[in-house]
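Below is one structure, written out as structure tokens; the observations come after it.
The values are calculated or read from the model by the stated rules, or taken from the named source; none is laboratory data. Just so it is clear, the structure is predicted and the values come from calculations on it, not from any experiment. FYI the Cβ positions are ideal-geometry reconstructions off the backbone, even for glycines, and counts take in every protein chain you see. These accessible areas exclude ligands, DNA and RNA; they are computed on the full protein's heavy atoms, side chains included. Shrake-Rupley method; radii C 1.70, N 1.55, O 1.52, S 1.80 Å.
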Amino acid sequence: MIKLFNEDLDIELKREIVSSIGRQQNNDIVYDFLSKEAFNGNYMELVYQMFRTTLYKSREDIRFAQLRDKILEFYKNEVLQKMFDYYEYKK
């Protein structure tokens, strides 16, 4: 999936690839992918999907909570903040 993500594909397809990568069980691979690609100049639509993964994976792995916070700080984006607030509220 990571190789496929790096190909020149439609944004909607890439978003689905990011979602699929985020559902993988190997947190090391998922974390490495997100920590690289979240700050690699990707479309915000992809960053939003990556951020969703950090929200859900943060329950089981502190690295994702740290990455989530780093993404929030880096982008200072209202949509990301609202996603985080809603996730916290929903818990």
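Filtering the stretch 71-89 for residues that are among the hydroxyl-bearing types (Ser, Thr, Tyr), touching a Leu at 6+ places or on another chain (Cβ under 9 Å) and more than 13 Å from Gly22 (Cβ to Cβ) leaves a non-empty set.
Residues in the stretch 37-70 that are open to solvent by 90 Å² or more (accessible area, probe 1.4 Å) and over 22 Å from Ser20 (Cβ atoms): Ile62, Gln66, Lys70. State yes or no: is Leu34 free of Cβ contacts under 8 Å to residues at least 60 places away in the same chain and open to solvent by less than 30 Å² (accessible area, probe 1.4 Å)? Criteria met by Leu34. Asn77: over 17 Å from Lys14 (Cα atoms) and either buried (at least 19 other Cβ atoms within 10 Å of the Cβ) or free of Cβ contacts under 8 Å to residues at least 40 places away in the same chain (or both), yes or no? Yes.
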